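Data first, discussion second: the structure below is written as structure tokens.
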Amino acid sequence: MGALLGTCSGVDASNKKGIYNHLAKHYRQYDKEPPKFGLNYNDKELKQIEEGEVFKKEGIVEMEKIFSQEEFDTALAEKTQELKNSITAKDTKIAEGVSNLQEKDSVIVEKENLLQEKENTITEKDTKLSEQENIIKEKDNVISSKDNELAEKNEAIKKFEAEKKVDQKWSELSVDYNEEDAIEIKGILLKSELGETLTTEDTEILLKKKVGSSLPVNSLPIGDGISKENKDKLRRFAGIKVKKQE
């Protein structure tokens, strides 16, 4: 530093500041204040700066310790211990971070397991629900089949009762018909008892056979295809009440 700050240092002026800053760092490293840069130092002051600080050996400029070996070792030990403590603290934080991550991973695994259990439960419930729906469908099919059977039986009963009524009415007729005419007229009577709409052909048979008022027919539904003239004839010949089919 003394050689650098002297007037005959031999160092280019443009490099002096950089070299001074480098040497000043070493002063501050050991809590020492470096001499001011840019001041004019006399020979005595430069000598004091140079003492124990720099020397030339085999053309290489080296730094000699400003402090004693004991002070240097103490400072080095303190710095080493400080670095070790810092590393230990960081290792502890890293270990804590790893432990926290492991705990979070465990929590995530537990939640994933719970989620899987819930999904399995939902799947089981869906399967049971599907089975129940299939059972309900089967029961509905059975009910529908029984309803159809019941409807068929009801139709059969209705037809049987209608046939009985027709036979009863036919036995009360005072007019005799041959077998062919009887079959035709009884068929029309059966349709009437079953609530079916008479066709134009049916009305033509009644008119042709001149079924009289002795025929026990209170009301026969007549199709809309029957002309007004034929309806009037039916009223006159058979006393049939003509009713429009809804």
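Before moving on, here are some points about what is shown:
- Test result for residue 152, surrounded by fewer than 16 Cβ atoms within 10 Å (Cβ to Cβ) and at pLDDT 75 or above: yes
- In this structure, residue 206 qualifies as modelled with pLDDT of 65 or more and touching a helix residue (DSSP H, G or I) at 6+ places or on another chain (Cβ under 8 Å).
- Once the stretch 1-29 is narrowed to residues that are among the hydroxyl-bearing types (Ser, Thr, Tyr) and at pLDDT 80 or above, the residue that is surrounded by the fewest Cβ atoms within 10 Å (Cβ to Cβ) is 27.
- Residues that are within 31 Å of the chain's Cα centre (by Cα) and of a type in the set (Ser, Thr, Tyr), drawn from the stretch 73-122: 106, 121
- If the condition is being within 22 Å of the chain's Cα centre (by Cα) and not aliphatic (A, V, I, L, M), then the stretch 123-140 contributes 123, 124, 125, 126, 127, 128, 130.
- Test: residue in the stretch 86-102 that is surrounded by fewer than 10 Cβ atoms within 10 Å (Cβ to Cβ) and part of a helix (DSSP H, G or I): no
The values are calculated or read from the model by the stated rules, or taken from the named source; none is laboratory data. Not measured: the values here are computed from a predicted model. Please note: Cβ atoms are built from the backbone with ideal geometry, for glycine as well, and neighbour counts cover all protein chains shown.
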